[in-house]
């Protein structure tokens, strides 16, 4: 169907424009002045014999599940289906329980898929325990699957690779989490994590780099109940250490705690922090705090 627009003229030849389908074309020179390919209709279908249901069809795709979240599940009849479940006979309930069991088995057809299910669930648990963003969880699951495709699991633990994948994403995305923090909430020890991380870094060539002390400051300041002014002053000390290039061989977590300890003691109105408290929050020795404070004083 063609509709002429008498109010619009062609910007090239001042000819008359005509809308044909999704395009607005000049009748004289053929210039396509506008195009609209967006379907502005509803996202659902509605028929006369049923009520309109405007809900979207399912959750979005996710990389944190082995099937991208596409598979269905046989529920247990909760919520609106509770009355329907109550009407089922004992024989029918047993049949549905068998169907549910066989359906769950069919969703995981191979050993590789089963390893993915276990590894992804471990990554989701670590992500929740460390309060990491959803994007980090998605990337860690993708890295775990890449390690499986490269055959790196042989002779190594799945728990170690799940923890190592999460730690590697923290390193690549500049999320301030230490090895001890990841190990504390995972089912792998530090040796398993280190072996798996070395394999990931060696075989996959991860773009990892050192984490700056400034990235630890907000979280450590919150744990020590310090004000934002103390955090800002500690940020100045940490930046000065980075500019002086005297950070080589030092733990950035301990440096961040030492900067907070140094900043908290510079004014009387700010709450004081002991060396033991600063060392405990960064999981370092008090000697590390003292040596870093001495380094700050020498600048």
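The values are calculated or read from the model by the stated rules, or taken from the named source; none is laboratory data. Not measured: the values here are computed from a predicted model. Glycine also receives a Cβ, built like all others from the backbone with ideal geometry; neighbour counts cover every protein chain displayed.
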Next item on the list: Could you check how many residues of segment 225-237 are crowded, with 19+ Cβ neighbours inside 10 Å and under 27 Å from the mean Cα position of the chain (by Cα)?
Entry: 2
Item checked: Which numbered condition residue 262 misses (of (1) over 32 Å from the mean Cα position of the chain (by Cα); (2) within 20 Å of residue 222 (Cβ to Cβ); (3) surrounded by fewer than 18 Cβ atoms within 10 Å (Cβ to Cβ)) -> (3)
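Residue-by-condition table, conditions (1) closer than 20 Å to residue 217 by Cα; (2) surrounded by 21 or more Cβ atoms within 10 Å (Cβ to Cβ); (3) touching a helix residue (DSSP H, G or I) at 6+ places or on another chain (Cβ under 7 Å); (4) outside the structural domain of residue 256 (by TED's automatic domain parsing):
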site	(1), (2), (3), (4)
128	no, no, no, yes
132	yes, no, no, yes
142	no, no, no, yes
173	yes, no, yes, yes
187	no, no, yes, yes
199	no, no, no, yes
Note to self: Can you confirm whether residue 103 is at pLDDT below 85 and within 28 Å of residue 177 (Cβ to Cβ)?
What the structure shows: no
Note to self: Checking residue 260 against (1) in contact with a helix residue (DSSP H, G or I) (Cβ under 6 Å, 6 or more places away or on another chain); (2) under 25 Å from residue 165 (Cβ atoms): exactly one of these is not met. Which one?
What the structure shows: (2)
Next item on the list: Tell me, yes or no, whether segment 6-13 has at least one residue that is at pLDDT below 70, assigned to a strand (DSSP E or B) and more than 30 Å from residue 162 (Cα to Cα).
Entry: yes
Checklist line | Filter result (exposed (fewer than 15 other Cβ atoms within 10 Å of the Cβ) and touching a helix residue (DSSP H, G or I) at 6+ places or on another chain (Cβ under 6 Å)) within segment 144-164 | finding: 150
